[in-house]
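Only the coordinates and a few stated rules stand behind these numbers; no lab work does. As the structure is a computational prediction, the values presented were derived from the model and not from experiment. Don't worry about glycine lacking a Cβ; one is built from the backbone with ideal geometry, like all the others, and counts go over all protein chains shown.
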């Protein structure tokens, strides 16, 4: 959770961090001018993190509350173009979104550090229950994958493209795929 300016800088730097290695100043300026999707995704994540900062540090400060609303508005406008809806304070640092397209994360869900979303993902509840997923650290969620219900996903799990995860996987470092998702990595012994 972002509680200081230094936390804010760290979160912004760590989100979509892979871009720091491939981008120089000239290409950044060009991406900004042509409204490249990678640039817009980075802008969305910056708006999300600034909204979180002002929500978490506002207290009784009306100016910070207004800034939180300002960044929420900017985030929603950009999110409508990209197809994103990510509520504040549900994703830890290091969030990476590779493609624009629908990305929806329930406001009560918890997504751990260094989560990678490849696009067209939903992390939310089932229609019959308000329970939401808890996703561990370093989870790679493939394109079109959906995680629904009160499930727990352990650290370092890879979720295959177009998977539908409706039950918990608590063994770290496994690969799961399918609809409904099942263990496909033979090296792991336990599945719950």
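Quick notes
- Degrees between helix 62-82 axis and first principal axis of the chain (Cα, 0 to 90, nearest 10): 60 degrees
- Over the C-alpha atoms of the stretch 102-192, the Rg to Rh ratio, Rh being the Kirkwood estimate, stands at 0.92.
- Note on residue 128/residue 34: beta-carbon distance plugged into 1/(1 + (r/R0)^6) with R0 of 41 Å gives a FRET efficiency of 0.35.
- Its DSSP H runs of at least 4 residues, each contributing -39,500 (n - 2.57), put the calculated 222 nm mean residue ellipticity of the chain at -11000 deg cm²/dmol, to the nearest 500.
- Convex hull volume per residue in cubic angstrom - Cα atoms of the stretch 30-134: 112 Å³
- Nearest-0.05 FRET efficiency for residue 6 and residue 98, computed from C-beta distance (R0 30 Å): 0.65
- Antiparallel bridge percentage (DSSP; both residues within the stretch 102-192; nearest 5): 10 percent
- Neighbour-count order for 67, 95, fewest beta carbons within 10 angstrom listed first: 67, 95
- Kirkwood hydrodynamic radius of the chain, Cα pairs, Å: 17.3 Å
- The angle between the Cα long axis of helix 5-14 and the longest principal axis of the Cα atoms of the chain comes to about 50 degrees, rounded to the nearest 10.
- In the chain, the longest principal axis of the Cα atoms and the axis of helix 37-57 are about 80 degrees apart.
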